[in-house]
Amino acid sequence: MIESFYAADYFQLTELQNFIMKTFNNTLEENCTENYSPELLSKFAAKFPLSEDNIFLNLLVEAVAVIPLNNIEFGRLSIAGLQYLLSCTNEKKNPFATPEYEVFRYSAILAAKQVSNDAHKTLMERLPTFEQIEKVVDSAQVDNDDKLIINRQNVASELDPLVEYVDFIRIDGQILADIIEPLGIIPAKIILDVYRQKARLYKSELSNTRGIPITICSKYVWDESECGSNALIEDNGKIVYL
């Protein structure tokens, strides 16, 4: 599909381009449980340079952005694909389904997976999901100090292209201090700058999710009559834009 789109673009076949994009959108709508947009975005990133003016890239990014990263199995979205996703949604007011801590978590674990199975396993253990953290009264109670990260510097190097697109200011300060900073895979200057920025902000000033945060629920649906006028509900109550 990607190659066909670019062939149509090269030969300036506008109608064919529109047909390909329409087909892609229809496929997403008809097969919402089998969304292959992460694989397509990875394939795009491997073949073509990043360009925010690219219509098909924007479609892919929009499709992946509304999938919680925790729902995308490791191996489906490449580091380059993730970089495209984070770059195109950074400081943009577009729907996004993943809290920023989970963005960092997914990025770090994906980077570790490129290094070794041991590094991947350790990061999985040291980076609990946001849901798991919320169940713990104090994030300092997360027991991870004794789990050494194998090839820490290699993990940091793999993670480096993604770090600039992670909006750390959106991550809770206690999570930064108790979970992220001790990993030693983020430059100290970045962590220090975030602490300084947080000192100047009220906690309520910034959402923990970039763009327009959305809530996705597959088991339950939202009652439109009870959500108020500021909530936009789509997909029969499964997706809510807050």
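The values are calculated or read from the model by the stated rules, or taken from the named source; none is laboratory data. Predicted, not measured: the structure shown is a model, and the values here were computed from it. When we count neighbours, we look across all protein chains shown, and the Cβ atoms used for this are built from the backbone with ideal geometry, even at glycine.
Quick notes
- Candidate set from segment 23-74 (those that are among the acidic types (Asp, Glu) and surrounded by 12 or more Cβ atoms within 10 Å (Cβ to Cβ)); member that is nearest to residue 108 (Cα to Cα): 39
- Enumerated strands (runs of 3 or more DSSP E) restricted to segment 131-242, each holding at least 3 residues that are modelled with pLDDT under 85 and surrounded by fewer than 17 Cβ atoms within 10 Å (Cβ to Cβ): 232-234
- Residues considered: 2, 20. Of these, the only one that is crowded, with 18+ Cβ neighbours inside 10 Å, in contact with a Lys or Arg (Cβ under 7 Å, 6 or more places away or on another chain), at pLDDT below 90 and not aromatic (Phe, Trp, Tyr) is 2.
- Number of the exception - residue 8 against (1) within 24 Å of residue 183 (Cβ to Cβ); (2) of a type in the set (Gly, Ala, Ser); (3) not assigned by TED's automatic domain parsing to the domain that holds residue 148: (1)
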